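What follows is one structure encoded as structure tokens, with my remarks underneath.
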Amino acid sequence: MKPPPFEYYNPTTVDEALSLLAEHGYDAKPLAGGQSLIPIMNFRLAQPAVLVDLNNISELSYIQPDEGGGLRLGAMTRHHQVEHDPLIAERAPLIFEAMPMIATSQIRSRGTFGGSIAHADPSAELVAVSVALGGRFRLRSQSGEREAAASEFFLGMFATLLEPQELLVEATFPAMPARTGWALMEVARRPHDFALVGVAAVLSLDDQDRCQDTRIVFLSVGDGPVTAHHAAEVLRGQAPTPELMRAAAETAAADDIDPSSDIHASAAYRRHLVKVLTRQALELAFERAKL
Amino acid sequence: MKKSIGERIKRTEDPRLLTGQALFVDDVNIPNMLHAAFLRSDYAHAYLRSVDVSEARARPGVVAVFTAEDMGDDWQPGPPLVSPPPTVEDITFYSRRQVPLAKDKVRHVGEPIAVVIAESRYIAEDAVEDILVDLDPLEVVSDIETALDPNAPLVHDDLDSNLAAHMIQSKGDYQAAKATAEVVISRKIEIDRGAAAAMENRGIVADWDSKSQHLTVWDTTQAPIPIRNGLAARLGLSESQVRVIAPFIGGAFGPKMMMFYPEEMRIPWISIQLGRAIKWIEDRRENFYATTQERRQVHEAEMLLTREGKILGVSHTFLHDSGAYDPYGLTIPLNTESHAMGAYAVPNYFSDLTVVFTNKILTTPIRGAGRPQGIFVVERLLDLAAKELEMDPVEIRKLNFIPPDAFPYEQQIIDQAFSPLIFDSGDYQPVMEKAAGMIGYDQFVKEEQPRLRAEDKHVGIGIVPFVETTGVGPYEGARITIEASGKINVATGVGTQGQGHFTAFAQVVAEQLGVDVKDVNLVTGDTAQFHWGTGTFASRGAVVAANAIHASALIVREKVLKLASKLLEAPEEELELEDGYVRVADIPHLSISLGDLAAEANPLRGAVEPGTEPGLEATAYFGPKYGAIAFGVHAMIIEVDPETMMVEIKRYVVVEDCGTVINPLILEGQIHGGVAMGIGNAYYEQLIYDENAQLLNASLADYLIPTANEVPRIEIGHFETRSPLNPLGTKGVGEAGTIPVPALFAQAIENAFPDHDLEILEMPLSPNRLFELLQEKESEK
């Protein structure tokens, strides 16, 4: 399990990295925390000819408050930093809640926020959470910069909007509206495993305790983050009674997902878990929104 | 005399292991050493048409590439690893051993086809990709249940079918008993494959020194002496020209026995061919494809009982998956047969065993080695009988235990060594009662469980006894030397895989010689230090090796007393050994240190008296008449989340009777590890093959090993019934922790769903499988 030969570059600025990506194009792969890329290379499933190591680009590592109560995260911010940052806990409690569910503490000490997003593993907590929170990503190349909503960024299994010469440099999250609750529920064989199914829910209430806006996003049930539009429709404008939340969960399981079977879980079991976890997540999000 | 045996002493080897100061095979680095990588088959079954290695050979940094063709007459199948079954009537056995590199055909995914030797492992792996191999895929024998179909493809073309072995064992008259039985429980019971998944993969470094004509091999083996002898024979060398060292091993659990794996045979051969040291370290992916596995069996099982719950008979007709070859003979399924009567007096027994070849990785013993399957069969049948008879699971077991006055108890069948199976000693009921007491069985069933069920909690309790055949022969030996420093040197051939031998064996020595265990230096697994013995497997270290060490310690003690008596001018009976000194009892200042005594015994001047030997040293051996039978009971309380199927273990109790306990701390560690492995076997670890015999979860991301999160705190109680078969009275415990866990999980999970009439007849289980089973029951309602 050794990777084939590759060229290695170690830039210290974003500009340098972008120039390397521009030069090598499809042959190059940016190296963030390496917690997915390195094993994939050791299995020889990915054989990039050039690695552009981002670990010495200090300008990509930060957690900053945004005007209006939001957040900015540099792409190379380590999971460990995010996990223990009070600003994250205060402004993006859903991200804060997700962090301990990501793999093991050893992996979190090395893995990065942007690395997880750019890798676009459909089982990744941060992928689903970013969509649920209405996050946006800044993508930069030598020819300029653009922004993409998380809901549009993920194109499928390990596929995103990123062009080969482009680098994900930042993730931004808007302030959560008042009376908004959140929850992340997942079932994993062992706590550090990829979840068999996970659900991130963000629920905003109006002053009558009716659902104003609900975002329910699943992980591990499709080729990317799967948003439960039908279930959200069930809740729209309604008071989230236990019966209604149960109905929304059943709708999610029936209409919003098309899970596949694998060695760990059949499609039927995944559907069942979606029903269970959606209900639990909505109940918890509702409790928190009322506070 | 101070006691040492039975003391809770911390393992003296641990500081080295925990601070990275212990030598493992991959730590061996020799100047000018080369590295090996193997090309392995991607197909489970295919004709090998051609192998073109020209491009690989041309890659810079590549020193050599070998295929089967390049080996000439040195290409030979491996030796049988255990004595083949005696050619008695009614036993069919076809021996087909693994080959060094595939020649005409590949028979499982991962079978080696070629080996590249290069300046680095990186280059070697790059060159493996340069090899062009033409494999012509064949239909695959993917499972034992279809392997004997008349139109099934043949794993071995020269055989008429995929039958590897067949034999029948019986006791009493099962059919006659069936005619009178009031209760008959019949079920199909399945156990699937798992891996040993040791933390350290396999590895080997071979260094041929052409000037001294000597081969040194560092090998992750549990049995360095058989490996040395086998290598010498295969390589045409004298045994004295080959030294095999099994240094510290990061877990073995069976698959590192005297396996003569293709890699293990090839690397030394290549070292001689090239006159260079060669290293091969198995990576985790290879470990899944090239290291042996175990446990797949399908049983049609039956139990006969009276209405009072007394067992009249057990029968099972079963298939055992041998994988592509069967070098380990019938060890596993014979172990299953030895355990399918459990700890019970079963008057009538019938067992029809069929071993089949499949296009899967070969199976050899893994911790438990057929025993968990046997215990699963008998305990499941007994649980189902208890349900039918509305009897308490504890009571039906107590009713059927072999009574304490029946030992030695002859089972009237043969064991894995083809010797009569005899249970040497035991007292089962008090152990069962102790376990039930520790977990609060009655209180839980009568009070707590009904209360929790009223709260809609799915809590279940399980309690399962088991036996373990341990401590088999043939023998082990040890040489003990008191050095002039006063330190004691002990050399044994048994090898070690992390069981705490350095401490436990030191305690056996300290018991006789009155020294601190820290002053006992153990050398194990180096054929240059001791070259008689077999290895560490079959739960035999604390029985066979410890008793050999005990025997030589007794002789050394005699020598000490004799010489000290002369020097101190006191009768031997008045001497005592304590703190490294021989003292005259009641006259403390009349003493001599063991070091000084050792110097006196090895004089620089004068003559050694005729009929005596220099030094304070002795070599002795021990071989038991037959194996010692350990016993234990595991009990567990679980809670199952009925929505997610996640299982939480609330309490876990083990009461173990493995005879004399040398070191309770080490014993408990063995049990903890065994239970962890058993939990894996029950709920996490399953090797999943598809219809093409491709392994689908060949990584630790998908093959789930329980971690500290999944393993509960384990409460342990002891009970000591000495074995009459050895002077220390010990029985083995290495596999004990693993054996009853699948049966225990099955019982506890069924108990957690009282309204579902759930029957767990398969292992391993998973949340997904439990969901399916419950759905089936729901739809039946």
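The values are calculated or read from the model by the stated rules, or taken from the named source; none is laboratory data. Owing to the predicted nature of the structure, the values given are computational and were not obtained by experimental measurement. Here the Cβ positions follow ideal geometry from the backbone for every residue, glycine too, while neighbour counts run over all protein chains shown. Accessible surface areas use protein heavy atoms only, side chains included; no ligands, DNA or RNA. Shrake-Rupley method; radii C 1.70, N 1.55, O 1.52, S 1.80 Å.
A few notes on this one:
- Degrees between helix A:242-251 axis and first principal axis of chain A (Cα, 0 to 90, nearest 10): 50
- Top positive-direction residue, dipole computed over region A:60-173 with Cβ charges, set A:Leu73, A:Thr172, A:Gly115: A:Gly115
- Residue-normalised accessible area of region B:1-96, given per residue in Å² at a 1.4 Å probe: 59
- Alpha carbon Rg of the protein assembly as shown, scaled by the compact-globule rule 2.2 N^0.38 Å: 1.03
- Accessible area per residue for region B:561-653, computed on protein heavy atoms with a 1.4 Å probe, is 52 Å².
- Spatial separation of Cα centroids for region A:55-93 and region B:8-65, in angstrom: 43
- Selection of GluC sites (Glu not before Pro), region B:324-408, meeting DSSP coil and at most 10 other Cβ within 10 Å: B:Glu390
- Per-residue ³J(HN,Hα) for region B:621-638, Karplus 6.51 cos²θ - 1.76 cosθ + 1.60, θ = phi - 60°, Hz, x for Gly and Pro: 10, 9, x, x, 4, 7, x, 8, 9, 8, 9, x, 9, 10, 9, 8, 10, 10
- Here the contact order of region A:60-173, divided by its residue count and restricted to Cα pairs under 8 Å and six or more residues apart, works out to 27 percent.
- The helix-based estimate of mean residue ellipticity at 222 nm for the protein assembly as shown, built from -39,500 (n - 2.57) per DSSP H run of four or more residues and divided by its residue count, is -8000 deg cm²/dmol to the nearest 500.
- The lysines within cross-link reach of A:Lys275, meaning a Cα-to-Cα straight distance under 27 Å and a gap of 8 or more places when in the same chain, are A:Lys290, B:Lys457, B:Lys650, B:Lys777, B:Lys781.
- Between region B:249-279 and region B:467-530, the C-alpha centres lie 25 angstrom from each other.
- Between region B:575-618 and region B:312-389, the alpha-carbon centres lie 54 Å apart.
- Kirkwood hydrodynamic radius (C-alpha pairs) into Stokes-Einstein, chain A, 20 °C and 1.002 mPa s, D in µm²/s: 110
- Highest GNM mean-square fluctuation among A:Arg78, A:Arg215, A:Arg190, for chain A modelled with Cα contacts below 10 Å: A:Arg190.
- Scaled radius of gyration (Cα, divided by 2.2 N^0.38 Å) that region B:501-627 gives: 1.16
- Stokes-Einstein D for region B:76-212, Kirkwood Rh over Cα pairs, 37 °C, 0.692 mPa s (µm²/s): 159
- Residues whose amide H comes within less than 5 Å of that of B:Val523, counting only those at least five positions distant or on another chain, are B:Val490, B:Ala491, B:Thr492 (H built at 1.01 Å from N in the peptide plane).
- On Cα atoms only, tilt of A:267-290 relative to the major axis of chain A in degrees: 70
- 1.4 Å probe accessible area per residue over region A:125-258, in Å²: 40
- Inter-probe distance in nm under a simple model that places probes 7 Å from Cα toward Cβ, at A:Gln238 and B:Lys103: 7.2
- Relative contact order, whole percent, for chain B stands at 16, derived from Cα pairs under 8 Å and 6 or more residues apart.
- The accessible-area loss of region B:732-781 on complex formation, taken against its chain alone with a 1.4 Å probe, reaches 30 Å² or more at B:Pro767, B:Asn768, B:Phe771.
- Region B:270-276 - phi-based ³J(HN,Hα) in whole Hz, Karplus 6.51/-1.76/1.60, Gly and Pro as x: 5, 4, 5, 4, 9, x, 10
- Average projected area [Cα convex hull, region B:561-717], square nanometres: 19.3
- When the other protein chains are added to the chain by itself, burial of at least 30 square angstrom of heavy-atom accessible area (probe 1.4 Å, ligands and nucleic acids ignored) affects these residues of region B:263-286: B:Arg285.
- As a length-normalised measure over Cα pairs under 8 Å and 6 or more apart, the relative contact order of chain A settles at 15 percent.
- For chain B, convex hull volume per residue from C-alpha positions, Å³: 183
- P(r), alpha carbons of region A:180-290 - 10 Å bins starting at zero, rounded %: 17, 51, 26, 7, 0
- Cα-only radius of gyration and Dmax that characterise region A:60-173, units Å: 13.0, 38
- Contact residues in region B:628-675 by the 30 Å² criterion (accessible area, 1.4 Å probe, full protein complex versus chain alone): B:Glu643, B:Thr644, B:Met646.
- Rg(Cα) / (2.2 N^0.38 Å) computed for region A:7-53, rounded to two decimals: 1.11
- Accessible area buried between chains B and A, both sides summed, probe 1.4 Å, in Å² to nearest 100: 2500
- Solvent-accessible area, 1.4 Å probe, carbon plus sulfur percent, for the protein assembly as shown: 50
- Dipole of region A:180-290 [Lys/Arg +1, Asp/Glu -1 at C-beta], most positive-end residue of A:Ala228, A:Ala253, A:Thr214: A:Ala253
- For region A:54-101: rounded, prolate or oblate by the Cα gyration tensor [a/c cutoff 1.5]: oblate
- Ranked from largest, the principal axis spans of the Cα set of region B:305-412 equal 46, 31, 23 Å.
- Above-threshold pairs, the threshold being 28 Å between Cα atoms, out of A:Lys29/B:Lys256; B:Lys178/B:Lys446; B:Lys211/B:Lys279: A:Lys29/B:Lys256; B:Lys178/B:Lys446
- Dipole moment magnitude, nearest 20 debye, the protein assembly as shown about Cα centre, only Lys, Arg, Asp, Glu C-beta charged: 1400
- In summary, the lysines within cross-link reach of B:Lys171, defined as a Cα separation below 20 angstrom excluding same-chain residues under 8 places away, comprise B:Lys310.
- For region B:53-70, 3J(HN,Hα) per residue [Karplus equation, 6.51 cos²θ - 1.76 cosθ + 1.60, θ = phi - 60°, Hz, x = Gly/Pro]: 9, 4, 5, 4, 5, 7, 5, x, x, 8, 9, 7, 9, 10, 10, 4, 4, 5
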